[in-house]
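The values are calculated or read from the model by the stated rules, or taken from the named source; none is laboratory data. Keep in mind that what you see is a predicted model, and the values were worked out from it rather than measured. Cβ: placed from backbone, ideal geometry, glycine included. Neighbour counts: every protein chain shown. We work out accessible area using only protein heavy atoms, side chains counted, and drop any ligands, DNA or RNA first. Shrake-Rupley method; radii C 1.70, N 1.55, O 1.52, S 1.80 Å.
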Amino acid sequence: MIEIVETDTGTARITWHRATDPRAVLALSHGAGGGIEARDLQALATALPAHGVTVALVEQPWRVAGKKVAPAPKTLDAGWRGIWPSLSGMELPVISGGRSAGARVACRTATELGARAVLALSFPLHPPGKPEKSRAQELLGTGRPTLVVQGGSDPFGRPAEFPEGDFRLIEVPQGDHGFAVPRRADITQERALQIITEGVAEWTASLG
């Protein structure tokens, strides 16, 4: 089901993948370079409803408007705030999440919006080749149970580069920023996605 939501920054769109008897909502937004067709977002939307988690794939207003370049972080945060009432309207715990730029938004707004937890897929710890420009404080400051799922070869931050902190991290071996694995990898693309869906399903169940 598709829901259109008007926000202060424009029209957003939510594609709902509902669980039959949901115990939580997992809201996931896309990154700055793609939409909700991303392989990890689609895999979670397919797998999680069977585990009692309704998945809401959120398209930010800039993406719905057909723009190619994402706006400033404060505008992304404002768009996320605007869709939150639709996510929390079912009176279920809402896990705030996203991939890449969407993960940063989820981290920055989690406490303010009252998220139950944060799921950060491909968290962009730093721009490629610029580890000195760390965004670790966004991740460390969520104030909520946080799970990071990171590709082992992600140029925006490999798992070993992440600081110690109050979060869990699942590594997708040899995965890049989009969780694609090379043909020579020790695991298949199917297995890479399975690592993501199984890990997230287990983590959401642990939240109670």
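Overall dimensions of the stretch 89-208, expressed as equivalent-ellipsoid semi-axes from the Cα gyration tensor (√(5λ), whole Å, largest first), are 24, 18, 11.
Evaluating kT/(6 pi eta Rh) at 4 °C and 1.567 mPa s, with the Kirkwood radius of the chain over Cα pairs in the Stokes-Einstein relation, gives 77 µm² s⁻¹. Taking every Cα-Cα distance in the stretch 1-103 and sorting them into 10 Å bins from zero, the calculated P(r) comes out as 17, 53, 27, 3 percent.
A crude spin-label estimate for the pair Ala180 and Arg18, with each label 7 Å from Cα along the Cβ direction, gives 3.6 nm. The packing ranking, built from the mean of other Cβ atoms within 10 Å per residue, places the peptides 44-54, 111-121, 174-184 in the order 111-121, 44-54, 174-184, highest first. Cross-link partners of Lys130 among aspartates and glutamates, defined as those whose alpha carbon lies under 15 angstrom from its own and excluding same-chain residues fewer than eight positions apart: Asp154, Glu161. Summed over the residues of the stretch 67-208 and divided among them, the accessible surface reaches 46 Å² per residue at a probe radius of 1.4 Å. Note on the stretch 77-208: with charges restricted to the Cβ of Lys and Arg (+1) and Asp and Glu (-1), its dipole about the Cα centre is near 280 debye.
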